1. With the calculation restricted to Cα positions, what are the radius of gyration and Dmax of the chain in angstrom?
2. Using just the helices of the chain, give the 222 nm mean residue ellipticity in deg cm²/dmol: DSSP H runs with n ≥ 4 each add -39,500 (n - 2.57), and the total is spread over all residues, rounded to 500.
3. If Rh is defined by the Kirkwood formula over all Cα pairs and Rg also comes from Cα, what ratio Rg/Rh do you get for segment 161-204?
4. Which of V95, V229, V316 moves the most in a Gaussian network model of the chain with Cα springs under 10 Å?
5. About its Cα centre, what dipole magnitude does the chain give when the only charges are +1 on Lys and Arg Cβ and -1 on Asp and Glu Cβ, stated in debye to the nearest 20?
6. Taking a cut-off of 20 Å, what percent of all Cα-Cα pairs in segment 10-72 are separated by more than that?
7. Given the C-alpha centroids of segment 174-214 and segment 237-277, what is the distance between them in whole angstrom?
8. Two-decimal Rg/Rh of segment 127-193 from alpha-carbon positions, Kirkwood Rh?
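The values are calculated or read from the model by the stated rules, or taken from the named source; none is laboratory data. Just so it is clear, the model here is predicted, and its values are computed rather than measured. Heads up, the Cβs are rebuilt from the backbone with ideal geometry, glycines too, and the neighbour counts pull from every protein chain shown. Surface areas here come from the heavy atoms of the whole protein model, side chains and all, with no ligands, DNA or RNA. Shrake-Rupley method; radii C 1.70, N 1.55, O 1.52, S 1.80 Å.
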Amino acid sequence: MDPTTDTGPNGDPRDSRASLEALRAEISKVVVGQDPAVTGLVVALLCRGHVLLEGVPGVAKTLLVRALSASLELDTKRVQFTPDLMPSDVTGTLVYDARTTEFSFQPGPVFTNLLLADEINRTPPKTQSSLLEAMEERQVTVDGVPRPLPEPFLVAATQNPVEYEGTYPLPEAQLDRFLLKLTVPLPSRRDEIDVLTRHAAGFNPRDLHAAGVRPVAGPADLEAARAAVAKTSVSPEITAYVVDVCRATRESPSLTLGVSPRGATALLSTARAWAWLTGRDYVIPDDVKALALPTLRHRIQLRPEAEMEGVTADSVINAILAHVPVPR
């Protein structure tokens, strides 16, 4: 069976890869020069994973997620994380109804398909952790009753670099729940000129409909694409390569914390999705290398002395990729 073609809900042929490519093209109508981040969001959708977007204020992190939601026929909600936000403001709470003299559950914004958690590191760890169960179990437990979340469910969180004033670093347990950590850099000079030219021509980032962004994919397209990704074959040599890369992080002298088996599973999953997006039904070592940084950079912890010497998580991973033998 051709992995690029699946059958839609009405029996019509559906080119699932084309629908995902259209999604990337639709986002690029309003977001300039952030192709790696756009691709990362698409990979996360294919893998049923969550995404953490990190960058300084003003580099279109929120706009990127809003453009994704506008390009998808999915329910979307946004939460602005602030220091006084409570866990129940995210998950929901029980409300007393005086007419029935009973408590009823009032769902929070987490009950949606795409949750934009804006500036997630502006709120204390207690509220940050309110998302842990939702992200891992895809359910919320209130008053001892588990309540399933809609499917699909994706958390796209934005954060400013932790060096900025008024931020709270995410705990390791929550970082590990994110499939990818995507860095959103400042644009190049050419891209920044393009951004200003669009604004001078009347572009309004708050009105994506006027910018021509339309829904080009929905839940059925995602399911078809995910089914195609699941058919992407992985050889024993590639599996061993992923394990060797992750085990090397646990032995690095620059790190106090290496990649867990959950991280190795995530790298294998994202590599399969990337292989399928690039038009293959099998994974090669380059697919693993292409997704190693966004999949692993938030799952390792540098030693203080390494940080003082200017070592970064990305430089450690790149060094490991350069030294771990590549299967032939």
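1. Computed over the Cα atoms of the chain, radius of gyration and Dmax are 20.6, 71 Å.
2. Values: 14 runs with 138 residues, N = 328.
It lands at -12500 deg cm²/dmol.
3. Values: Rg = 16.4 Å, Rh = 13.8 Å.
Rg divided by Rh gives 1.19.
4. V95
5. Dipole about the Cα centre, nearest 20: 300 debye.
6. 27 percent
7. A separation of 30 Å, based on Cα centres.
8. Here the Rg-to-Rh quotient is 1.10.
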